Amino acid sequence: MCHGWTELETNMTTVGLIGSGNIGGTVARLAVAAGYDVVVSNSRGPETLTELVEELGEHASAGTAHDAAQVGDLVVVSVPLKAYRAVPVEPLAGKVVIDTNNYYPQRDGTIPELDSGETTSSELLQRHLPDSRVVKVFNNIYFKGLADLPRPSGAPDRSALAIAGDDAAAKAEVTAFLDRIGYDAVDVGPLAEGWRYQPDTPAYGTLYSATPTDWEHPAPGDAEKLRAALAAATR
């Protein structure tokens, strides 16, 4: 990937990751490739992340969820939705928090207010983190596609990711982050509109796959294609 960032720019931000599985680990890899430092964490402890840290190199370290929240200038929450209440609150006050969560009842158990459409998964996290600025992104792309589809700014085959949030400045920061790791952003509006790219909507998953049944082979999904899929979403 061809980047044009200066050394000063790439040393400005540390990304903390609360959850370092398929999506969290992939975001960590993209962030390091784009010049960020990262602190990865999971629910099992830093010692279980040795292999990932070794892969990521000198710009990565492992810590607890509290460490990642404390040190990160930008923090990615990528834990199962059922565990969102375990995300540390105090160290994330005032920070931009990227939420990658999706609601899967078979994994998370039923959540009546999500089943009824009364609220959305990212709004639950925002409620848990009242002093943070939550932005929903990475929720609708398979991790293999996320790893394979980054392109330089302006590339004709660059993919776009949907973002939603209640804070315009936070969304601007996340847009800049996405740009640096190789993606355009499409602003869907407030967190309440995040349902437009939740599971079982047209913008979920298949937008970035070669065929609807083959998520193992990624294909670019540009902003125009994404906007059309978001507009087609129904509740």
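The values are calculated or read from the model by the stated rules, or taken from the named source; none is laboratory data. Being a predicted model, the structure only gives us computed values, none of them experimental. Cβ: placed from backbone, ideal geometry, glycine included. Neighbour counts: every protein chain shown. These area figures cover heavy atoms from the full protein model, side chains too; ligands, DNA and RNA do not enter into them. Shrake-Rupley method; radii C 1.70, N 1.55, O 1.52, S 1.80 Å.
Kindly evaluate Lys95 against the criterion of being touching a Lys or Arg at 6+ places or on another chain (Cβ under 8 Å) and open to solvent by 60 Å² or more (accessible area, probe 1.4 Å). It is false that Lys95 is touching a Lys or Arg at 6+ places or on another chain (Cβ under 8 Å) and open to solvent by 60 Å² or more (accessible area, probe 1.4 Å). Out of everything in the stretch 59-86 that is open to solvent by 50 Å² or more (accessible area, probe 1.4 Å) and among the β-branched types (Val, Ile, Thr), what residue ends up being nearest to Tyr103 (Cα to Cα)? Across the stretch 59-86, the extreme among qualifying residues is Thr64. Restricting the first member to the stretch 211-226 and to residues that are touching a residue at least 60 places away in the same chain (Cβ under 8 Å), and the second to residues that are among the aromatic types (Phe, Trp, Tyr) and part of a loop (DSSP other than H, G, I, E, B), the beta-carbon pairs closer than 6 Å and six or more apart or on different chains are Trp215/Tyr142. Within the stretch 199-235, track down each residue that is over 21 Å from the mean Cα position of the chain (by Cα) and under 16 Å from Leu149 (Cα atoms). Within the stretch 199-235, Ala210, Thr211, Asp214 meet the criteria. Among residues of the stretch 175-196 that are open to solvent by less than 20 Å² (accessible area, probe 1.4 Å), those with a Cβ under 7 angstrom from a residue that is assigned to a helix (DSSP H, G or I) and among the hydroxyl-bearing types (Ser, Thr, Tyr), sequence gap 6+ or separate chain, pair up as Leu191/Ser122; Gly194/Ser122. Against the list (1) touching a residue at least 40 places away in the same chain (Cβ under 8 Å); (2) open to solvent by 40 Å² or more (accessible area, probe 1.4 Å); (3) over 17 Å from Gly19 (Cα atoms); (4) not small (Gly, Ala, Ser), the condition Val89 fails is (3). From the list Tyr197, Tyr183, the lone residue that is out of contact with any Pro (no Cβ under 9 Å at 6 or more places or on another chain), modelled with pLDDT of 95 or more and at negative phi is Tyr197. Could you check the stretch 123-157 and list, in sequence order, the residues that are touching a Pro at 6+ places or on another chain (Cβ under 7 Å), part of a loop (DSSP other than H, G, I, E, B) and not aliphatic (A, V, I, L, M)? The answer is Asp157, and nothing else.
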